[in-house]
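Scroll down for the structure; my scribbles are underneath it.
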Amino acid sequence: MEFHEKLQELRKNRGLTQEELAEACDLSPGYISQLEGPNCFFCPSLKTLFVIGEVLNVPVSKLVDIEND
């Protein structure tokens with residue numbers, strides 16, 4: 001599952017709108033919309049990932065693919 005799909009699924013599972021997630025993370029709703037878009041070609045900063053993870057109550061590893069070698 002791609003990052004944008006995970007983010008959207010986790011947000012919806014918590015019953016949050018993009019606007020509510022953005023407000024809780026101190027981000028703009030447009031930024032959350034971009035992150036959830038299938039054509040998003042950038043990754044948020046590590047700090048932003050931690051904030052999103054904290055708000056969604058998940059570890060960063062749940063948001064991004066971390067493969068074990």
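The values are calculated or read from the model by the stated rules, or taken from the named source; none is laboratory data. The model shown is predicted, which means the values in this text are computed figures rather than measured ones. All Cβ positions, even for glycine, are placed from backbone atoms using ideal geometry, and neighbour counts span all protein chains on display. All accessible areas refer to the heavy atoms of the entire protein, side chains included, with ligands and DNA or RNA removed. Shrake-Rupley method; radii C 1.70, N 1.55, O 1.52, S 1.80 Å.
Pairing each residue of the stretch 45-64 that is touching a residue at least 12 places away in the same chain (Cβ under 8 Å) with any residue that is aromatic (Phe, Trp, Tyr), provided the two are 6+ apart or on different chains, yields C-beta distances under 7 Å for Val60/Phe50; Leu63/Phe3; Val64/Phe3. Look at the stretch 25-36: where a residue is under 16 Å from Gly53 (Cα atoms) and a partner is part of a loop (DSSP other than H, G, I, E, B) and of a type outside the set (A, V, I, L, M), sitting 6+ places away or on another chain with Cβ atoms under 9 Å, you get Leu27/Pro44; Tyr31/Pro44; Leu35/Phe42; Leu35/Cys43; Leu35/Pro44. Take the conditions open to solvent by 90 Å² or more (accessible area, probe 1.4 Å), among the aromatic types (Phe, Trp, Tyr) and modelled with pLDDT of 95 or more and apply them to Phe50. Does it pass? Yes, satisfied. Residues in the stretch 12-33 that are under 19 Å from Glu2 (Cα atoms) and either of a type in the set (D, E, K, R) or not in a helix (DSSP H, G or I) (or both): Lys12, Arg14. Here Glu36 meets the list (1) of a type in the set (Asp, Glu); (2) under 20 Å from Glu2 (Cβ atoms); (3) surrounded by fewer than 17 Cβ atoms within 10 Å (Cβ to Cβ) almost entirely, failing just condition (3). Would a scan of the stretch 12-24 turn up a residue that is within 9 Å of the chain's Cα centre (by Cα) and either at pLDDT below 95 or basic (Lys, Arg) (or both)? No, the stretch 12-24 contains no residue that is within 9 Å of the chain's Cα centre (by Cα) and either at pLDDT below 95 or basic (Lys, Arg) (or both).
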